[in-house]
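Step one of this worksheet: look at the structure below.
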Amino acid sequence: MEEIELAEYSALRTEIERRAGIQWNVFALQITSAGAITSLAVSNASNFVLLLIVPLSSYMLGSRYILHDHHIKLIQRYFRESLSPRLSDRLQWDTWKSTASADSEADGRDRVTRWNPFHPTRLAFEGVAVLTLGAAIGSGLYRWLSDPPHWAVVTGFGLFTALGLLAIWQLHQRFTAATATT
């Protein structure tokens with residue numbers, strides 16, 4: 001029976017590694033796509049509306065990143081609460097890691113591992129979305145003051161801006177909720 005549980009542990013550790021790899025790919029895709037869209041948008045003044053795509057893609061990619069983080073945490077919790085007790089508490093890594101993380105949290109060193117608002121990964125999703133939405137709004141106002149567009153363009157821009165704000169708010173809520181889970 002112990003061999004089965006050790007095989008389960010091994011398979012789940014492989015699943016954690018797979019999900020961590022996917023997270024890295026999602027992060028790289030976020031940085032790459034945001035950079036490419038922004039470069040295209042600033043290459044020509046009439047392309048500034050492309051910046052409105054970044055908050056939406058940040059929401060989608062950020063949500064995927066958080067989903068994999070959630071599943072990794074679930075597997076780790078399963079190790080601690082279910083698998084390790086069945087193996088007479090011989091799986092020490094996850095128990096030790098939880099204790100070390102709690103110690104770091106108690107003395108304030110958890111800033112790197114918690115989803116605080118200034119976490120670099122969180123900024124890569126939320127921060128980039130906020131900056132590009134702000135740039136799109138600023139560019140739109142400047143353009144409209146110099147050459148007012150048709151009402152349909154203003155309406156479309158307003159709708160996409162509202163959608164971008166909603167996406168950023170939802171992403172913020174998801175990162176905040178992910179902070180509370182272990």
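To keep it simple, each residue is scored yes or no on (1) aliphatic (A, V, I, L, M); (2) surrounded by 12 or more Cβ atoms within 10 Å (Cβ to Cβ); (3) touching a strand residue (DSSP E or B) at 6+ places or on another chain (Cβ under 9 Å).
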| residue | (1), (2), (3) |
| --- | --- |
| Thr121 | no, yes, no |
| Leu141 | yes, no, no |
| Trp144 | no, yes, no |
| Asp147 | no, no, no |
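Here region 69-99 is the region considered, the condition is being within 15 Å of Ser10 (Cβ to Cβ) and at pLDDT 85 or above, and the residue that is surrounded by the most Cβ atoms within 10 Å (Cβ to Cβ) is Phe79. As an exercise: evaluate Asp107 against (1) within 23 Å of the chain's Cα centre (by Cα); (2) modelled with pLDDT under 90 and give the number of the one condition it does not meet. Looking at each condition in turn, Asp107 falls short on (1). If the condition is being closer than 14 Å to Glu126 by Cα and of a type in the set (Phe, Trp, Tyr), then region 137-182 contributes Trp169, Phe175.
Among the residues of region 132-150, how many are of a type outside the set (Val, Ile, Thr) and touching a residue at least 24 places away in the same chain (Cβ under 8 Å)?
Of the residues in region 132-150, 6 are of a type outside the set (Val, Ile, Thr) and touching a residue at least 24 places away in the same chain (Cβ under 8 Å).
Conditions (1) in contact with a helix residue (DSSP H, G or I) (Cβ under 7 Å, 6 or more places away or on another chain); (2) more than 30 Å from Leu131 (Cα to Cα); (3) surrounded by fewer than 15 Cβ atoms within 10 Å (Cβ to Cβ); (4) at pLDDT 95 or above, marked per residue:
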{"residue": "Met1", "(1), (2), (3), (4)": "no, yes, yes, no"}
{"residue": "Leu6", "(1), (2), (3), (4)": "no, yes, yes, no"}
{"residue": "Thr14", "(1), (2), (3), (4)": "no, yes, yes, yes"}
{"residue": "Glu17", "(1), (2), (3), (4)": "no, yes, yes, yes"}
{"residue": "Ala20", "(1), (2), (3), (4)": "yes, no, yes, yes"}
{"residue": "Gln23", "(1), (2), (3), (4)": "yes, no, no, yes"}
{"residue": "Ala36", "(1), (2), (3), (4)": "no, no, yes, yes"}
{"residue": "Ser39", "(1), (2), (3), (4)": "no, no, yes, yes"}
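Restricting to region 1-57, count the residues that are part of a helix (DSSP H, G or I) and over 16 Å from the mean Cα position of the chain (by Cα). Looking only at that region, the number is 35. Within region 44-68, the set of residues being modelled with pLDDT of 95 or more and polar (S, T, N, Q) comprises Ser57, Ser58, Ser63.
The values are calculated or read from the model by the stated rules, or taken from the named source; none is laboratory data. In this text the structure is predicted, and so the values were computed from the model without any measurement. So basically every Cβ, Gly included, is an ideal-geometry build from the backbone, and we count neighbours across all protein chains shown.
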